[in-house]
Amino acid sequence: MASGSDVKVEFDPKNMPFRRLGPSGLRVPVFSLGGWLTLGGSVIGDPVKDIMKAAFDNGINMFDTAEAYAKGRSEVEMGRVIKELGLRRTDLIITTKLFWGLRAGPNDGGLSRKHIIEGTKECLERLGLDYVDVIFAHRPDASVPMEEIVRAFNWVIEKGWAFYWATSEWSAYDIEEAQHIATKLGLHGPIAEQCQHNMFHRERPEKEYRPLYKKYQLGTTVFSALASGLLTGKYNAGIPEGTRFSTHSNFFKGTVDSLQKEEGLTKIRKVNELSVLAEQELGCTITHLALAWIAKNPNTSTVILGASKPEQVLDNLKALDVIPKLTPEIMDKIEAILENQPAAPPTFGRPALDINGRL
């Protein structure tokens, strides 16, 4: 972490668009960089620095990690690179997540006040930072009263260890309960949800969370926008060596097995059709189309990219040029291929409201 004369690299947002993170005033880049499975895991040492520098040099100043990523090594690697690159702390948006912990003790995981506070301190130690911008509850914890969770994250914020808190893979019910308690007690509620969202995974982010976007202006920090690589087309003819499904075969065994079944074969067929649409009508790859499609969603605050080499970051950012090309006509063609748009809430025969009024 650098300040003043120690800064080696000045941040230039280039052509990166920025959005508010949920209802907060924090501005985040449309594309950010995450460390899951890669930074500190399959990628260590100087290659981590190369990837993060490529991201930073091209307008990405948000980096996402978690205590559980590579058993804490992701945070260590990310913190080391921030220091070695001489990046100004105020130029960065650093997010990490708590839940699984690194040890097997009964209080070394979950969302008790004890683990939220002790876990946050350990995250900061591994990162080598005084604070993170957002601390996420990596999963819900049904064994802890929600008031304890909300109060503990607020205590972390009041201590200055984080500016905001958020959730990851929580149900709409849990998020609503946290917001209700925060409002009742005059405390900070979660500002964002880090969820899986892609062309093949839509029900929760597009249907279950729909009321939360309107009521709380909740934003999403999307992971797996490429369905773990399925939406790149690389798995259309099998599992190539060196790919995520190959390198992490045990973790993705269920997904790999499903590709041999009817549901998986249907997805591969749709990937092929989307690839043709991307190339013929948009002049891009399906990777760029899939990323742009998620970024176009107004409830998406940022799309978290994963990369094992700098070239992947640069290639993924070509999606920025595709977003303006996603006209209503193109979006309709995409929906016709996907055939999985979540149903709208039932109206039970009520006539539609005027589209120019408040819906």
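Cβ-Cβ distances below 8 Å connect the following pairs, each with a first residue in the stretch 328-339 that is surrounded by 15 or more Cβ atoms within 10 Å (Cβ to Cβ), a second residue that is among the aromatic types (Phe, Trp, Tyr) and modelled with pLDDT of 95 or more, and a separation of six or more residues or different chains: Ile334/Trp293; Leu338/Phe200. Within the bounds of the stretch 302-313, is there any residue that is surrounded by fewer than 16 Cβ atoms within 10 Å (Cβ to Cβ), under 25 Å from Asn61 (Cβ atoms) and modelled with pLDDT of 95 or more? Yes; the residues of the stretch 302-313 include at least one that is surrounded by fewer than 16 Cβ atoms within 10 Å (Cβ to Cβ), under 25 Å from Asn61 (Cβ atoms) and modelled with pLDDT of 95 or more.
The set of residues from the stretch 45-78 being open to solvent by less than 50 Å² (accessible area, probe 1.4 Å), in contact (Cβ under 8 Å) with a residue 60 or more places away in the chain and in a helix (DSSP H, G or I) comprises Ile51, Ala54, Ala55.
Residues that are part of a loop (DSSP other than H, G, I, E, B) and either acidic (Asp, Glu) or open to solvent by 10 Å² or more (accessible area, probe 1.4 Å) (or both) within the stretch 4-21 comprise Val7, Lys8, Glu10, Phe11, Asp12, Pro13, Lys14, Asn15, Met16, Pro17, listed in sequence order. Here Pro140 does not qualify as assigned to a helix (DSSP H, G or I) and more than 17 Å from Ser24 (Cβ to Cβ).
Considered as a group, the residues in the stretch 122-160 that are closer than 14 Å to Lys97 by Cβ and aromatic (Phe, Trp, Tyr) include one that is surrounded by the most Cβ atoms within 10 Å (Cβ to Cβ), and that residue is Phe153. Here the stretch 173-227 is the region considered, the condition is being in a helix (DSSP H, G or I) and in contact with a strand residue (DSSP E or B) (Cβ under 9 Å, 6 or more places away or on another chain), and the residue that is nearest to Pro298 (Cα to Cα) is Tyr213.
Of all the listed residues (Ser224, Ser258), the sole one being more than 20 Å from Ala292 (Cβ to Cβ), hydroxyl-bearing (Ser, Thr, Tyr) and either modelled with pLDDT of 65 or more or open to solvent by less than 80 Å² (accessible area, probe 1.4 Å) (or both) is Ser258. Just checking, does the stretch 136-158 include any residue being in contact (Cβ under 8 Å) with a residue 60 or more places away in the chain and within 24 Å of Ser74 (Cβ to Cβ)? Yes, that holds for at least one residue. Taken together, the criteria exclude His248 from residues that are at pLDDT 95 or above and of a type outside the set (A, V, I, L, M). With the structure loaded, tell me whether Lys296 is in contact (Cβ under 8 Å) with a residue 12 or more places away in the chain, open to solvent by 40 Å² or more (accessible area, probe 1.4 Å) and under 20 Å from Thr220 (Cα atoms) or whether it fails that test. Spelling it out, Lys296 is indeed in contact (Cβ under 8 Å) with a residue 12 or more places away in the chain, open to solvent by 40 Å² or more (accessible area, probe 1.4 Å) and under 20 Å from Thr220 (Cα atoms). The residues of the stretch 80-110 that are in a helix (DSSP H, G or I) and either under 19 Å from the mean Cα position of the chain (by Cα) or surrounded by 23 or more Cβ atoms within 10 Å (Cβ to Cβ) (or both) amount to a single one, Ile82.
The values are calculated or read from the model by the stated rules, or taken from the named source; none is laboratory data. This structure is a prediction, so every number in the text was calculated from the model and none was measured. Note that we place each Cβ from the backbone using ideal geometry, even for glycine, and neighbour counts take in every protein chain shown. Side chains included, ligands, DNA and RNA excluded: accessible areas come from the protein's heavy atoms. Shrake-Rupley method; radii C 1.70, N 1.55, O 1.52, S 1.80 Å.
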